[in-house]
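Working notes, structure below.
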Amino acid sequence: MSGETGGCQGIIQAVASLSEPSQCDPGLLTDAYAVEIRLDLMPDIPPARVDRLAGSFDGPIILTLRSVEEGGRFTGDEAAFIRATTPFLPYVTMVDVETRFQGDADRIREMGITIISSCHTDRMLTRQELETLCHRLRGYGDIPKIAVRPQDTADLLTLLSFTHAAAKPIIVSVTGVVCRSARPLLPLFGSLFTYCYIGTPTSPGQYSLEEMKCLSALLSPVIMDTWFDPSPPHP
């Protein structure tokens, strides 16, 4: 799998979010552009396992320690965040850093690692709130990631419009199942990644990696539209 082309073709770059050490199998990840190690869901995974994955997977590897406040299982403070993530830093290319842990961002970046500055909320934000949050996340991160919970078509249109207009790169996602259809749509409007699962969802509303592969093939404009092609039909 190439980090340039990815398994999901077109403009949808799927991240396989892993919740069990057994999922760190390159054979399961051929359709993934990137891999997310959800450290809060598998706190006992040995760093050597991620090291082996890094040696066999060509795309980005993201380390995430999601707090309970933002939908994960990690209950520690910033000092605990540093202790838990440090052994894995030599083997990853990106680290997801929530605002509560932003004090560690500079140290991680000094190691040549990209910071995904993230915020996950269980409600929909207004357009102004989205823009304000994005500005705050860019203050300490390289790629802001915003995940909100839209409830209707109006919310979805707001989110798509914001994503389209926002400076890039940016990752925009949704929580919950009401507007889960936004997951494959947001990359078409400029979101860098969409997150998928293997085996068990790591967030409600996620599509599996296999499902996203199919959606990517259907939604990505990878062929020329000949509907109005004026050339004469072949005899």
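Specify the residue that is nearest to residue 67 (Cα to Cα); the eligible residues are those in region 90-130 that are acidic (Asp, Glu) and touching a helix residue (DSSP H, G or I) at 6+ places or on another chain (Cβ under 7 Å).
Within region 90-130, the subset acidic (Asp, Glu) is 96, 98, 104, 106, 110, 122, 129.
The next check asks that each one be touching a helix residue (DSSP H, G or I) at 6+ places or on another chain (Cβ under 7 Å); those that pass are 98, 104.
Numbers: 98: 8, 104: 15 Å.
Only one residue fits best here, namely 98.
Condition check ((1) aromatic (Phe, Trp, Tyr); (2) open to solvent by less than 10 Å² (accessible area, probe 1.4 Å); (3) in contact with a strand residue (DSSP E or B) (Cβ under 9 Å, 6 or more places away or on another chain); (4) outside any loop (DSSP other than H, G, I, E, B)) across all residues:
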{"residue": "50", "(1), (2), (3), (4)": "no, yes, yes, yes"}
{"residue": "54", "(1), (2), (3), (4)": "no, no, yes, yes"}
{"residue": "69", "(1), (2), (3), (4)": "no, no, yes, yes"}
{"residue": "79", "(1), (2), (3), (4)": "no, no, no, yes"}
{"residue": "84", "(1), (2), (3), (4)": "no, no, yes, yes"}
{"residue": "90", "(1), (2), (3), (4)": "no, no, no, yes"}
{"residue": "95", "(1), (2), (3), (4)": "no, yes, yes, yes"}
> For region 141-168, which residues satisfy the criterion of being over 20 Å from residue 95 (Cβ atoms) and among the small types (Gly, Ala, Ser)?
Replying inline: 154, 161, 165, 166, 167
>> Condition (residue is among the hydroxyl-bearing types (Ser, Thr, Tyr) and in contact with a strand residue (DSSP E or B) (Cβ under 9 Å, 6 or more places away or on another chain)) applied to region 146-156: is it met by at least one residue?
In response: no
> Are any residues in region 99-116 touching a strand residue (DSSP E or B) at 6+ places or on another chain (Cβ under 6 Å) and under 24 Å from residue 24 (Cα atoms), and if so, which ones?
Replying inline: 108, 113, 114, 115, 116
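The values are calculated or read from the model by the stated rules, or taken from the named source; none is laboratory data. Since the model is a prediction, treat every value here as computed from it, not as a measurement. When we count neighbours, we look across all protein chains shown, and the Cβ atoms used for this are built from the backbone with ideal geometry, even at glycine. When the accessible area is computed, the model is the full protein with side chains, heavy atoms only, and any ligands, DNA or RNA have been set aside. Shrake-Rupley method; radii C 1.70, N 1.55, O 1.52, S 1.80 Å.
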